[in-house]
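The values are calculated or read from the model by the stated rules, or taken from the named source; none is laboratory data. As the structure is a prediction and not an experimental result, all values here were calculated from the model. Cβ coordinates were reconstructed from backbone atoms using ideal geometry, including for glycine residues, and neighbour counts include every protein chain displayed.
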Amino acid sequence: MTFSSRAADAIARAGAPRGGGRSWLFSVIWGGVFAFGLASMFATTHRAPWVWLACALGIIGWIVRTLLPDTMPRRQFGFELGMIVVGGLVAFEANVLGGVPLAVGLVLVIGRLERPVRVGVVAFVVAVAALGAGLLLTSSESRDLGGVIVGSLAMLVISALVGVSRRQVNAAELRLRELAEQRRRAERLDDHARVARDLHDVLAHGLGALVVQLDAVDALLESGRVDEAAARVRSSRTLAVDGLRDARRAVDALRSDETDAAPVPAGDATAALAELIEAHRALGGEVDARLAAPPRALPALTATALRRILQEALSNARKHAAGQPVTVELRRVPGARPSMAAAPVAAADHGRLVLEVTNPLGAAGAAATTGGGHGLAGMEERVSEIEGAELRTGVEGAGTRFVVRAEVPE
């Protein structure tokens, strides 16, 4: 898992967006600074009663705004605007310290991601107007306020910049949450695709073979060959048992991660392919098989992919080229690939396996109508899960044969 995905998960687990929520830490820190500063200032200097009242209103508005839930955004905005106005009015009389509610309110308004940018612009204009009104209300003996004015303007600009930065952080957090949700949705879709692919592999092969057998039974009974029909019925039962076994194997694979499964011995991997070939022959198919055992054990994912690809190729041959001979070859290509685009060096160092299934084109069999066109897509999905693997399917030989060729690293 990458750093970005871990960050996305962490933010997603944190709950609701922080930008529009109760910024408790932000409010507590600045609230403490504001209260301590005002207490120190009023303990040492004399201020007009309206300054006391305005500061008290600013503190009350701040507290109420902090307690308001995110489900009341309009009321939140009203108190934030009130903090801006009150803070601007007392900023000069309280030596900039009184403007802290203005700064906090401006940060909250601009930083709220759900609000349009124009709302932040309006809040900034209101803050400038409030500071101007506060300058007019300043007592005559306090007119030498050059430093205070510069400080107030600096506070205004810094507050706006902090609000913009806060908005950008909130936007980044929202994007991370969206990415986390998209990643979870993609994982669910991958799981669904995996289930659909395995379900198709099991049912298309098993039920397709049963269709062939039952058609043969029907033909044998019509011709009065009861003993042969009974043998076909027994063979059909064997196919059903094999289908159940494949279904259990598919369920076990879905419940586990094949990438972590133990490697499959070379003999077992080849035997699984030979078993599919014998099943095809039992259904009356003709197969010319040349299977070269891999020199070493295969990853479980690779062994499963080869088995499922051969299974699907034989099933397609029965559907679309019934009665035609099929050629199956498993061969090893040492070193780099001679026929396809270059693979990663790590994959080429140990050689490659090529599974090639070829059948002449012929008339579609009775099972041709049972497919949904998902077999080739399933092959491609399985090959795509193996790094450095490739799959080619299509008509070759001037339109005379259909070839499935899978190439995988050992």
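Some values worked out for this structure:
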read-out: Where a residue in the range 178-193 is outside the structural domain of VAL383 (by TED's automatic domain parsing) and its partner, wherever it lies, is modelled with pLDDT of 75 or more, with Cβ under 7 Å and at least six apart; value: ALA193/GLU381
read-out: Single residue of the range 229-271 satisfying the filter (among the basic types (Lys, Arg) and under 32 Å from the mean Cα position of the chain (by Cα)) that is modelled with the lowest pLDDT; value: ARG255
read-out: Any hit, the range 35-50, residues being modelled with pLDDT of 60 or more, among the polar types (S, T, N, Q) and in a helix (DSSP H, G or I); value: no
read-out: Unique residue being aliphatic (A, V, I, L, M) and surrounded by fewer than 24 Cβ atoms within 10 Å (Cβ to Cβ) when the list is LEU81, LEU106; value: LEU81
read-out: Subset tally (residues that are of a type in the set (D, E, K, R) and within 12 Å of ALA305 (Cβ to Cβ)) for the range 388-410; value: 2
